[in-house]
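The values are calculated or read from the model by the stated rules, or taken from the named source; none is laboratory data. Everything numeric in this text was worked out from a predicted model, so none of it was measured. Quick reminder, even Gly has a Cβ in these numbers, built from the backbone with ideal geometry, and neighbours come from all protein chains shown. Surface accessibility is based on the protein's heavy atoms, side chains included, excluding ligands, DNA and RNA. Shrake-Rupley method; radii C 1.70, N 1.55, O 1.52, S 1.80 Å.
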Amino acid sequence: MVSTLDDTKRLAIATKLADMKALQYLLINNEETLIQYCTDDHIRKRLQDMLEDDRKNLGVIDTAIVQYGVQSELKETTQKLIEEVQKLIEGSELTLFEKVFEQELLKHKQTMTGLLIHKAAQVVGADIEAAIAPLNAVNFENRAHQEQLKGVLEILGVRELTGQDAKQGLWARVEDAVAALTGVAGSVVTRTDDEMTIRDLLRMDHTKADTLFAEILGADDPQKIQEYFGQLYKDIKVHGTAEEQVLYPAIRPYYEHTQEIYEQTDEVMEMLDEIKPLDPASSEFKAKIEQLRTATRNHINQEEEDVFALIKDNFSHEQQKQMATEFKTAKSQLQEQMTAANA
């Protein structure tokens, strides 16, 4: 019987993602506090720009967690770190330089956590790489923030030690470093969750499903097949139910075949339940997976060819973004329900 339990590697990545989300909240809170303490207009502007980026990136991290599809709590040690750092930033024990130094250390931790998740995904599964792809923008922006914070630290440190300003040319060097990072990252740096529409989210889900099908059909180890199918089962169940709650009611006034895609979705989810009790080592299992892939791909093709064009023609960009938010929220709630049911 195929289980839908998460394997330890996937759960470990989920914990890191939970840590990252909690740290992002702390970074935002710290920046809001530092802006209040800082009297230098130029540094305040730097911090305000970082705050705007980090608020957007919180949405990107949340998207990656929902797309990943495995729920986890953050580590206790991370929670303790958050409480300690927040106390230092909000208290009067540290100078402004020392507080910014704590923020730079935290930003470094966030950067390394994001890069670690990216590298782990490359090892564990291509479907995970597809799910956490939005994190690439966060990782590169965090690296750029680190460079800027180093510049802020030099200015504040020299002032605290000497009472004078650092030599000119500092920000030019910082900007060169940020520009170099942007050149490496390309357009991914400018990608924000604010720009993500319902079509973007659906396409990400479709890509992940295609990847999981390929992983299942290409694997020989029953344990790996079980792992991949467990993830596919959860992903399609959540995706299909969220579509029925958010997408299909919205497009019904504009699309005469809405009932047909409802039926397609129900058929795919019924096929999942038929496959679930089968032995993943049997030839029947992979034959059923092939049938499921065909049915899923037919549904995806109709959605991407017909429904996507319909959405583009009948919904404003803001409406598409709002629908994406509602879809993401529905998925998150369904994932939590599924996790609780399997606990």
Problem set entry | Modelled label reach - Q302, point 7 Å along Cα→Cβ, the range 217-244 residues with backbone N closer than 20 Å | 236-244
For this session: Quick one: dipole size for the chain, taken about the Cα centre, charges +1 on Lys/Arg Cβ and -1 on Asp/Glu Cβ, in debye to the nearest 20.
Result: 900
Exercise. Does the range 114-154 come out rounded, prolate or oblate by the C-alpha gyration tensor, with a ≥ b ≥ c the root eigenvalues, rounded set by a/c under 1.5 and, if not, prolate when a/b is larger than b/c and oblate if not?
Worked result: prolate
For this session: For K288 and L116, calculate 0.36 nm times their separation in residues minus their Cα-Cα distance, and state this gained length in nm to one decimal.
Result: 58.4 nm
Problem set entry | the chain: radius of gyration over Cα atoms, expressed as a fraction of 2.2 N^0.38 Å | 1.14
Problem set entry | FRET efficiency estimate (nearest 0.05) - Cβ-Cβ, Y25 to V158, R0 30 angstrom | 0.45
Exercise. Going by the alpha-carbon gyration tensor, a ≥ b ≥ c the square roots of its eigenvalues, is the range 292-343 rounded (a/c under 1.5) or, if a/c is not under 1.5, prolate (a/b greater than b/c) versus oblate?
Worked result: oblate
Exercise. What net charge is computed for the residues neighbouring A120, neighbours being all others with C-beta under 11 Å from the C-beta of A120, Lys and Arg scored +1, Asp and Glu -1?
Worked result: +3
Seminar exercise, completed: The pairs in K21/K99; K56/K109; K45/K321; K21/K328 lying past 26 Å Cα-Cα in this model are K45/K321
Seminar exercise, completed: Between the Cα axis of helix 317-342 and the main Cα principal axis of the chain, the angle (0 to 90°, nearest 10) is 70
For this session: Only Lys, Arg, Asp and Glu count, each charged at its Cβ (+1, +1, -1, -1), so figure out the dipole size of the range 65-122 about its Cα centre, rounded to 20 debye.
Result: 320
Exercise. When the accessible area of the chain is computed with all protein chains present and a 1.4 Å probe, what percentage of it is carbon and sulfur?
Worked result: 51
Exercise. Rounded to the nearest whole Å², what accessible area per residue is found for the chain with the 1.4 Å probe?
Worked result: 47
For this session: Go ahead and estimate [θ] at 222 nm for the chain from helices alone: -39,500 (n - 2.57) per DSSP H run with n ≥ 4, summed, over the residue count, rounded to 500.
Result: -27000 deg cm²/dmol
Problem set entry | Crossing angle, helix 135-162 versus the chain [Cα axis fit, 0-90 degrees, rounded to tens] | 10
Exercise. Over the heavy atoms of M112, what accessible area does a 1.4 Å probe trace out, to the nearest 10 Å²?
Worked result: 100
For this session: Work out the charge dipole of the range 217-343 with +1 on the Cβ of Lys and Arg and -1 on the Cβ of Asp and Glu about the Cα centre, then indicate which of Q337, Y262, S283 is farthest towards its positive end.
Result: Q337
